[in-house]
Amino acid sequence: MKGYMLIAGKKVYTQEEIKIFFPYDGSLVGTIPRGKEEDVNLAVESAKVGFEKIKKMTAYERYQCLQRAARIISKRANEFAQLLTLEVGKTIKESMGEVGRAVNTITLSAEEAKRILGEEVPFDAAPGIKNKVGFYRRVPLGIIGCITPFNFPLNLTCHKVAPALAAGNSVIIKPSENTSLVVIKLAEVLIEAGFPPEAVNVVTGYGEEAGDALVRSKDVRMITFTGSVETGKIIMSRGGLKKYAMELGSNAGVYIDEDQDCRLKEIAEKVARGGFALAGQVCISVQRVFVHEKLFDTFIEEITAFSKTLKVGDPRKDDTDMGPVIDENAADRIMEWIEEAKSLGAEIVCGGKRISNTLIEPTVVINVPEKAKLFKKEVFGPVIIVNKVSSIEEGINQVNNSPYGLQAGIFTNNLKNAFKFSEEVECGGIMVNEIPTFRVDQMPYGGVKESGIGREGPHFAIEEMTEIKTICFDLT
Ligand code: NAD
């Protein structure tokens, strides 16, 4: 499949191309143009025109376009899912799940287009002020640059583009160079659904080239970014005066309290699913599990037994539970981190082997020291670490013992412990009796500490993607 950039609705090609490979076997999926600064400049000129056009559309028209886009994607779900599996390497079950969520994210954004509200400002509440009335409105920012990662290229791009368009902004999307083809399809659907072609632009290419040019553009009012902490920091240092939303990484922790003996099997299964979904390449994958010492041994037996039942292999097959990681470099790094933990005294109780260039067994490692990379950093691979703790206090301290703070989970029957955990754990979202991997698309979602700035979920993204304009009338 030969990909292209979409600028003002036109297909733009470049001589230099980037190849996209199927992570499972390295076969060629397609190519995309290696876009550069000049392509970003063209997209910016297009998006300026697009903004003038989209801001004249009514809220109802924007709602209708988004609803139409959701219907088109829903009808073409199989086609989108198959491409997702080829680009990301996620299983076909996971790809169908992502398409369903993307349809939901667009539908939620359509609804939100109809409720972007302002409020009356009580000007006469200041001393000596009379005969002044007014209000504030939320108005679109203008051009929004959307930079997205490889792991959920469809739904995470929808989380940026659909609220941006719902609020009347124009967009320039810079998708991950590994997974751009599905994003090009999404942009085409949005144009087919009725948005001005100049308002939906895609520039493909490398982050340091096309991405950096987008970040530095003075005409781009906001960069909404999902990706790694390292890239997020570079973007904020390069972009200058503009708004930023930063949805970054994590190494999510979960605590299992001493009273959970009667449902340990169920919890172990949930934890394993949360750690091994998409081969652990989810920003809220369960990475660090802290189990009360009374339940530690049984928990290890349960999670190991379940993890061994997972079928690892070709993600195109209906019965595959876990596919490959994105590329060989990622697999090399994950294996190095497992080896490092082992050399520091940790023990592998399940998996730990590389099946092929990109397939790694679902791996459970216990007693991992704090200084190991598997503890401190984001592994973004199919590895769960399980350590013993002796109290709720220690559980909270260990969950907090991380530079990240996206989501965390606790399993307990003790109401006080649940409350204490939700109060004291520093994260954007706390899941009680649920794994940290739980997310629905309408909820406010985002992190604290190095996990980011701002919240997604269409209602909350629209707040970030609009600004307040105050209007005051003198009636004397
Ligand atoms: P990445 O940071 O390598 O790349 C993300 C995007 O940034 C890509 O499009 C890339 O081309 C672009 N980019 C790279 N360098 C750039 C630069 N200098 N300027 C502008 N753009 C640049 O991330 P990835 O490997 O694609 O994704 C994995 C990461 O994303 C993980 O850390 C994961 O936790 C995070 N993530 C976070 C969330 C969330 O919602 N918090 C969701 C999914 C993934």
Can you compute the helix-only [θ] at 222 nm over the chain? Use -39500 (n - 2.57) per DSSP H run of at least 4 residues, normalise by all residues, nearest 500 deg cm²/dmol. -12000 deg cm²/dmol
³J(HN,Hα) across the range 460-476 via Karplus (A = 6.51, B = -1.76, C = 1.60, θ = phi - 60°), whole Hz, x for Gly/Pro? 7, 5, 5, 4, 6, 9, 10, 10, 8, 10, 9, 10, 10, 10, 9, 9, 6
State the extension gain, in nm to one decimal, for the chain segment bounded by Val432 and Arg354, taking 0.36 nm per residue of separation less the distance between their alpha-carbons. 24.7 nm
Towards the positive end of the charge dipole of the range 95-216, with charges on Cβ (+1 Lys, Arg; -1 Asp, Glu), say which of Pro196, Ser176, Gly211 has the farthest Cα. Pro196
Given an 8 Å cut-off on Cα distances and at least 6 residues of separation, report the relative contact order of the chain as a percent. 18
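Applying 1/(1 + (r/R0)^6) with R0 = 56 Å to the Cβ-Cβ distance of Lys233 and Thr476, what FRET efficiency is obtained, to the nearest 0.05? Numbers along the way, then the final one.
Details: r = 52 Å, r/R0 = 0.92.
Step by step, r from the Cβ atoms, then E = 0.60.
How much net charge surrounds Val349 when only other residues with a Cβ under 14 Å from its Cβ are counted (Lys, Arg +1; Asp, Glu -1)? Provide the component values of the computation, followed by the final result.
Numbers: positive: Lys308, Lys342, Lys353, Lys388; negative: Asp297, Glu301, Glu302, Glu347, Glu361.
Taking every Cβ under 14 Å from that of Val349, the sum is -1.
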Please work out how much length the chain gains when fully extended from Glu336 to Ala305, using 0.36 nm per residue of separation minus the C-alpha to C-alpha distance, in nm with one decimal. 8.7 nm
Of all the Cα-Cα pairs you can form in the chain, what percent are over 41 Å apart? 21
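Quick one: which of Lys265/Lys420; Lys114/Lys243; Lys2/Lys56; Lys56/Lys174; Lys10/Lys469 span more than 31 angstrom between C-alpha atoms?
Values: Lys265/Lys420 25 Å; Lys114/Lys243 24 Å; Lys2/Lys56 34 Å; Lys56/Lys174 25 Å; Lys10/Lys469 34 Å.
The pairs that break the limit, which is 31 Å between Cα atoms, are Lys2/Lys56; Lys10/Lys469.
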Mean projected area, convex hull of alpha-carbon positions in the range 391-476, reported to one decimal in nm², is 8.5
List the residues of the range 421-459 whose backbone N lies under 17 Å from a point placed 7 Å from the Cα of Asn401 along the Cα-to-Cβ direction. 425-426
In whole angstrom, note down how far apart the Cα centers of the range 129-157 and the range 1-65 are. 21
Charges only on Cβ, +1 for Lys and Arg, -1 for Asp and Glu: so what's the dipole of the range 335-442 about the Cα centre, in debye to the nearest 20? 200
Could you work out the equivalent-ellipsoid semi-axes for the range 29-102, taking the square root of 5 times each eigenvalue of the Cα gyration tensor, largest first, in whole Å? 29, 22, 8
Please list 3J(HN,Hα) in residue order for the range 164-171, calculated via the Karplus relation 6.51 cos²θ - 1.76 cosθ + 1.60 where θ = phi - 60°; whole Hz, with x for glycine and proline. 4, 6, 4, 8, x, 8, 9, 10
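Which value, in debye to the nearest 20, gives the size of the charge dipole of the range 108-149 about its Cα centre, when Lys and Arg are +1 and Asp and Glu are -1 at the Cβ?
Numbers: 6 positive and 5 negative charges, 27 e Å.
The dipole magnitude comes to about 140 debye.
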Of Ala346, Ala110, Pro362, farthest towards positive along the dipole that unit charges on Lys, Arg, Asp, Glu beta carbons give the chain: Ala110
Amide H contacts of Glu434 (H built 1.01 Å from N, under 5 Å, at least 5 apart or other chain): Ile410
Rounded to one decimal in nm, the spacing of the 7 Å Cα→Cβ label points at Val440 and Asp318 is 2.9
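Treat the range 182-266 as a sphere of radius equal to its Kirkwood radius over Cα pairs and apply Stokes-Einstein at 25 °C in a medium of 0.890 mPa s; give the translational diffusion coefficient in µm²/s, rounded to a whole number.
Values: Rh = 16.3 Å.
It diffuses with D of about 151 µm²/s by this estimate.
For an R0 of 60 angstrom, estimate the FRET efficiency from the Cβ-Cβ distance between Asp327 and Val133 and round to the nearest 0.05. It would help to have the intermediate numbers written out before the result.
Details: r = 60 Å, r/R0 = 1.00.
According to the calculation, E is roughly 0.50.
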Once amide H atoms are placed 1.01 Å from N in the peptide plane, what residues at a sequence separation of 5 or more from Val29, or on another chain, have their amide H within under 5 Å of its amide H? Ile20, Phe21, Phe22
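For the range 223-357, how big is Rg over Rh, using alpha carbon atoms and the Kirkwood form of Rh?
Values: Rg = 17.8 Å, Rh = 17.3 Å.
For the range 223-357, the value is 1.03.
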Determine the dipole magnitude for the chain: charges of +1 sit on the beta-carbon of Lys and Arg, -1 on that of Asp and Glu, nothing else is charged, the reference point is the Cα centre, and the result goes in debye to the nearest 20. 1420
Shape verdict for the range 331-466, please, from the Cα gyration tensor: rounded (a/c under 1.5), prolate (a/b greater than b/c) or oblate. oblate
Charge-dipole axis of the range 27-118 as Lys and Arg at +1 and Asp and Glu at -1 on Cβ define it, positive-most pick from Asn41, Gly30, Ser95: Ser95
Which whole-Hz ³J(HN,Hα) couplings does the range 240-257 yield from phi under the Karplus relation 6.51 cos²θ - 1.76 cosθ + 1.60, θ = phi - 60°, glycine and proline marked x? x, 6, 7, 7, 9, 10, 10, 9, 10, x, 6, 9, 3, x, 9, 10, 10, 7
What is the Cα centroid distance between the range 263-340 and the range 343-370, reported in whole angstrom? 10
Binned Cα-Cα distances of the range 73-226, short to long, each 5 Å bin given as a whole percent: 2, 9, 17, 19, 17, 12, 8, 5, 4, 3, 3, 2, 1, 0
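Just so you know, all these numbers are worked out from the coordinates, no wet-lab data involved. It should be emphasised that the depicted structure is a prediction, and the values quoted were computed from it without experimental measurement. Quick reminder, even Gly has a Cβ in these numbers, built from the backbone with ideal geometry, and neighbours come from all protein chains shown.
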